[in-house]
Structures are given as structure tokens and as C-alpha cells.
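K.L.:
I'd like to ask some things about the structure below.
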Amino acid sequence: MTCRSGHRGCCLRRPLRSNSRAPGNVGFTVEVHDQAPSLDAVWEDVVEVSFRPASPHSTLMQWAGEACWDLGLEETDYRVRYCAKGMDQARREDTRMDDEPRLDSYLLQLWPAEPATDRVLKQTAAIAAYWHGYARERPPPPTPDERAEAERQARLRQERDEREQRLALDCWQWVAGCPARPCARGAAMSAAC
């Protein structure tokens, strides 16, 4: 899951991950709400971002893709709250075996909401501070208007390239003495022919 973001200080701008350990399972819960849920004080690190699914198939996927779960989200704007606890302790321990107690837990809450500025609501873990700092150094992702303009420019370039290829083929056929149709007299053709 990748979140749209305009704020440069939130690590949830990148694909979602637990941020704490290498191998081992973590407690991870996903909740989809009709409205903003209350924030439980048990969470040590909390960020919120705006998110709009790019398709009707939003999934939560394990790090290496071993399993994934469909979130059943509509293609509409959401607010996403990512909560964590125990990140630093779990990072120090690095690997958790199945018979060892769980050190870190995560909660992902989503609810329909208009896009808003990303916010770091609570930060206590050193690893969270690291990732927030990393995110601040990255340029913000393009806005919807910037993405639309880039797509429009790409379409125009593709159309221009296709036109130039057709003109080059017409010119080649005309010069080779077997014109499929009369050689076009555009600026590109007259220079080449």
C-alpha cells in the first residue's frame, strides 16, 4: 500500500512496512471505519496520511509476498492512521522466534475522509524518528494535477513519435520508388525527401 502525501515528515509516504525487525512475525491489525476512530493512548508512534486506492484491489501484503489480504476498499479518499508500539525494543532484539513473546504491534485504521496534510501525531521510538527524518529529505510526490499533466505530456510525446514514424515510413517508401501514397510535403518530409 502506498499513500499519497503532501507532507514531507511522515514515513508512511513510502510502501508500508513494520520498520522494526528482520525475520519474525509482528502483531498487525487492520480496521476499516465509517468515521475517524478515537486514538488509544497505548500506541507509542502514530501518523496519519491521506490515501486513495489506485484500483479496487488494495491489499496488505507480507514483506516478501508470502501472503496478502484484500482490504475491500472502494476507490475513494481515505484517511489512514498507522499506529505502532514496541518498535525500538523489537529492533534491538532483531529476530523473533515463534515461541518468543511478541515485542511490537501495529494498527492500521482507515476511514473515508477528504485529503488532508499528513501528520505525525505521536513519536517516541528512535526508529520512527529515523524514518520521519528520511521522509523529510525526500521530495514530495506529485499532486494529482501534476500527475495528470505528466500523463498528458506523455500522450502528446507518444502521438508525436507515432506521427514522425509514419512520415519517415512514407518518405522511405517514396524514395524507394514504391509510394503507398503520395509523399507528404510537411517540413519533416521535405528535409528528408
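K.L.:
Averaged across orientations, what area in nm² does the convex hull of the alpha carbons in the stretch 73-125 project?
P.N.:
Mean orientational projected area (the stretch 73-125, Cα hull): 5.2 nm².
K.L.:
Follow-up question, since we're still on this one. Could you pull out every residue, at least 5 positions away or on a different chain, whose amide H is within less than 5 Å of the one on Ala116? Hs are placed 1.01 Å off N in the peptide plane, and Pro or chain starts have none.
P.N.:
Amide H neighbours of Ala116, under 5 Å, 5+ apart: Ser50.
K.L.:
Further, regarding this structure: Starting from the Cα of Ala36, step 7 Å along the direction of its Cβ; do the same at Gln89; then give the gap between the two resulting points in nm.
P.N.:
3.0
K.L.:
Follow-up. Per 5 Å bin from zero, what fraction in whole % of the C-alpha pairs of the stretch 35-188 is there, up to the bin with the longest pair?
P.N.:
Once binned at 5 Å, the Cα pair distances of the stretch 35-188 give 2, 7, 10, 12, 14, 12, 9, 6, 4, 5, 5, 5, 4, 3, 3, 1, 0.
K.L.:
Could you give the nm distance between label points at Glu164 and Glu100, where each point is 7 Å from its Cα heading toward the beta carbon?
P.N.:
Once both label points are built, they end up 5.8 nm from each other.
K.L.:
For the stretch 75-80, take each phi angle, set θ = phi - 60°, evaluate the Karplus expression 6.51 cos²θ - 1.76 cosθ + 1.60, and give the result in whole Hz per residue in order, putting x for glycine and proline.
P.N.:
7, 9, 6, 10, 9, 10
None of the figures in this text is laboratory data; all of them are computed from the coordinates on show. Bear in mind that the values here come from a model prediction, so they are computed numbers and not experimental data. Don't worry about glycine lacking a Cβ; one is built from the backbone with ideal geometry, like all the others, and counts go over all protein chains shown.
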